[in-house]
1. Residues in the stretch 5-20, backbone N under 18 Å from the label point at A49 (7 Å along the Cα-to-beta-carbon vector): list them, ranges by number please.
2. Extending each Cα 7 Å along its Cβ direction at V254 and K133, get the distance between those two points in nm, one decimal.
3. Among all helices in the chain defined by DSSP H, which have a length of 24 Å or more along the axis from Cα atoms plus a Kyte-Doolittle mean of at least 0.0?
4. May I ask you to derive the FRET efficiency for E150 and E315 from their Cβ-Cβ distance with R0 = 22 Å, giving the value to the nearest 0.05?
5. Rounded to the nearest 5, what is the percent of antiparallel bridges among the DSSP beta bridges in the stretch 121-285?
6. Calculate the all-directions average of the projected area of the stretch 161-237's alpha-carbon convex hull, and give it in nm².
7. With springs only between Cα atoms under 10 Å apart, run a GNM on the chain and tell me which of Y304, Y50, Y194 wobbles the most.
8. At 0.36 nm per residue, and after removing the present C-alpha to C-alpha distance, how many nm does the segment from D11 to N39 gain when stretched out fully?
Amino acid sequence: MRIIVDAMGGDHAPEVPVEAAVKAANTLDIDIVLVGDENRLKSELLKYAYPSDKITIVHSDDVITNYDEPAMAVKSRKTASVVVCANLLKDGEGDAMLSMGSTGALLAAGLLIVGRIKGISRPALATLIPTKKGPAMLMDAGANTACKPENLVQFGIMGDIYMKNVLGIKRPKVGLVSNGEEEGKGNDLTKEAYPLMKKADFNFVGNIEGRDIMAGETDVIVCDGFVGNVILKTIEGMGIVVASLLKQIFLKNVITKIGALLVRKGVSDFKKMLDYSEYGGAPLLGTKKPIIKGHGSSNVKAVYSALIQAKKFVETNVIEDIKNSILEGNIND
């Protein structure tokens, strides 16, 4: 298996992607294609020991940033690292791709170069988030800010398949984000999507409110990308604030410092639960081949986790199952 990595994408490129790639080459049964400035990548690789046949370099001399207009940049800048990655994936030079760079550019490359699965109208970013009962999948997490009811149904179908195949959940609970549990609650989008989701061939448990998300009431959390991105950023912000408040409390005086020592293991477990690096990246579900979006500020652990996730994405035939499900219609009469 070969995974293509945009080594120039993200806040800590190319150092972090290269180190994570080396770790993956030494510990996982995969080959890595690093895409980026050849001289810089070679210089970074000299710092590490790894099987020379497990990592190859493909040169690119441009990088699309968050300040560029994504679709225009992808169409016009053929030597940008994310564009080169997408073309390699399309041409069968790899089984999956990973980028920590511009989300917009990755989405554009996925749509314009790799292409959508036939029947999928809107690919979605599917982000794993921590909950009281374990990781849940939030989709869409920001790819589509304006959706139609049928888009939400397809998000539910794809999320259901991913959670079954990759996380091994036999019958994932799929919930629709709304401002009330009752069927009639919500805006026009959620009201129209509700009856369609009831007919879909997955375990739809109805509407879920914001407070239900972190409680882990569902395994797949369906919403449009605007709502999903607000939820995602709220959870990230909450984690930062909670960690800061705990630190202030435990450092207040000698007694609280002693208390901190006594609950250190529990605090460590809590931080681990909220740590995005445990979950790797967000798969872009709905494209013809596996694409993973890593967090822009990813550290080595996060990129390595994303490579593991990409490997599982390929191994568990998620793409084929989505294709088959969409072809079959996946709507009960």
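1. 19-20
2. Output for this residue pair reads 4.6 nm.
3. 225-250
4. The value I calculate is 0.15.
5. Numbers: 5 of 16 bridges.
Counting DSSP beta bridges with both partners in the stretch 121-285, the antiparallel share is about 30 percent.
6. Seen from a random direction, the Cα hull of the stretch 161-237 projects 5.3 nm² on average.
7. Maximum among the listed residues: Y50.
8. Extending this stretch completely gives an extra 8.2 nm.
Coordinate-derived values only; no laboratory data. None of the values given here were measured: they were computed from a predicted structure. When we count neighbours, we look across all protein chains shown, and the Cβ atoms used for this are built from the backbone with ideal geometry, even at glycine.
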